[in-house]
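Read-outs throughout are calculated quantities, based only on the coordinates presented, and are distinct from any laboratory measurement. Note that this is a predicted model, so its numbers are computed, not measured. For neighbour counting, all protein chains shown are included, and Cβ atoms are generated from backbone atoms with ideal geometry for every residue, glycine included.
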Amino acid sequence: MNDGAYRDTPQGNDDFGGQRPASPNPYGNPYAPHGWPADAQVPQQFDQYGQPVPGPGTGGFAAIPPTNQANQPNQPNQPSQANQPSQAPTSPYGAPFGQPPVDGQSGQFGPTGPLGPAPSDEGKRGGNGKKLLLGAVVVAVLAGGVGGGVGVLVADRDNGSSTSASVAAGPTETAQPAAAPGSVQDVANRVLPSVVSITVASGRQVGSGSGVILASDGVILTNNHVVQDAERVLVSFNDGSRAAAKVLGTDPVSDIAVIKADKTGLKPITIGASNNLSVGQNVIAIGSPLGLEGTVTTGIISALNRPVSTSGADGSTESVIDAIQTDAAINPGNSGGALINSSGALIGINTAIATTGAEGESGSIGLGFSIPIDQAMRVAKELRETGKATQANLGVSVRPNSDLEKPGALVASVVRNGPAAKAGIPDGALITGVNDRKIAAADALVAAIRSHAPGDTVKVTYTVSNQSKTADVTLGTM
């Protein structure tokens with residue numbers, strides 16, 4: 001038996017040892033394949049100009065019986081197809097040869113083969129077995145990192161000799177229109193040289209991610225989980241060149257890292273702002289999903305200030321992202337790449353995607369998350385200058401709130417002489433707001449505080465004994 005496709009043998013036997021009729025089939029093979037009658041007569045076929053085409057035994061595709069088989073001799077195992085239009089011969093994978101794939105079909109070019117490392121179970125989860133938890137409904141995965149290497153399948157036409165021809169109905173135009181200023185095409189052309197692909201290795205594990213160029217001397221911003229535990233880092237640039245890189249600093253809390261490539265003369269990305277974004281705003285994501293360098297996707301900002309928690313393999317929470325949510329397609333390998341506005345300015349660092357939670361499934365479902373650039377750049381500046389980063393601290397510990405009718409973050413305890421204690425916030429307070437942002441749960445409070453820098457003063461709204469109060473709190477450092 002072969003790998004599942006029937007083959008004809010000189011003796012006329014099928015793969016199970018049975019005798020096969022020695023009658024010509026429509027493909028010019030003297031042995032009829034399974035499901036075809038040995039002695040079926042094929043009617044004369046005509047091409048689109050009314051001319052007869054070769055019959056059986058030619059080795060071509062012209063003599064395949066038409067799909068309309070209402071008046072054909074009995075054929076075993078063939079469904080009735082009366083009153084159906086004739087169709088072009090199809091490949092074993094569903095779509096007609098020589099034509100684009102039909103909706104719902106795939107693989108018209110035959111078997112595919114892997115290019116690059118094959119996907120591993122760890123790679124499907126995004127790297128290092130870590131995941132993001134968003135509420136209790138969906139699971140998001142970190143899109144890249146060591147162990148997160150993923151293979152890419154490419155279509156390769158099989159050995160079939162089919163061809164297709166057409167007659168030009170008029171003049172042809174091969175020139176493409178110039179990119180209109182401000183169009184996606186224009187913005188992508190300007191930003192692509194500032195986005196890189198990152199390959200990391202640790203032992204025998206290989207992963208991939210993306211990054212953005214901050215300085216012409218090779219300083220690059222990416223995610224912590226892309227380069228975490230990496231022993232070797234290689235950066236691929238838009239012009240096709242590559243260079244080794246070293247890690248300058250990482251911060252697991254914010255999931256930000258800074259590396260420096262051994263290359264100069266680079267084009268830094270334009271830094272935008274994330275404190276004035278709007279839901280519905282057009283955005284563009286650029287990165288290397290599945291190792292496909294320089295991939296551009298578009299979408300909108302779906303939500304702002306979305307708290308998204310990352311957790312390690314032991315279930316402990318490692319970071320809470322105050323995320324920009326977008327429906328621009330983000331996939332494994334996009335991590336560390338750019339989310340830009342319609343002017344080409346960097347507004348976020350693509351970090352994670354939500355999934356349905358099914359084991360082994362991790363791909364874009366229109367729920368992607370990015371770290372706001374204001375937060376990312378503050379951390380990146382500290383990492384570049386000192387190799388480590390600081391985070392804002394409210395000075396409280398919180399626990400889940402079981403009262404669904406009163407949303408908020410329930411304070412379990414207040415740190416003595418901490419920022420909250422100095423502002424008069426007591427144990428048992430229910431925090432419901434930070435500045436103008438509503439707080440519905442503990443993760444939302446953590447995300448809101450970490451979106452600020454140590455030393456910032458914020459207005460905290462809370463309730464005690466059903467009385468609403470406010471306090472101005474100067475955030476500390478953790």
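List of remarks:
- In this rough spin-label picture, where each label sits 7 Å from Cα along the Cβ direction, the Lys459-Ala345 distance is 2.6 nm.
- Gain on full extension, evaluated as 0.36 nm per residue between Lys469 and Ile271 minus their Cα-Cα distance, stands at 67.5 nm.
- Full extension of the segment from Arg190 to Asp229, taken as 0.36 nm per residue of separation minus the current Cα-Cα distance, would add 10.8 nm.
- Rg/Rh ratio calculated on Cα atoms of segment 313-442 (Kirkwood radius): 1.02
- Per residue convex hull volume, Cα atoms of segment 392-477, in Å³: 77 Å³
- Extension reserve of the Thr174-Glu405 stretch, reckoned as 0.36 nm per residue once the Cα distance is removed: 76.9 nm
- Charge context of Ala244, other residues only, Cβ under 15 angstrom, K/R +1, D/E -1: +2
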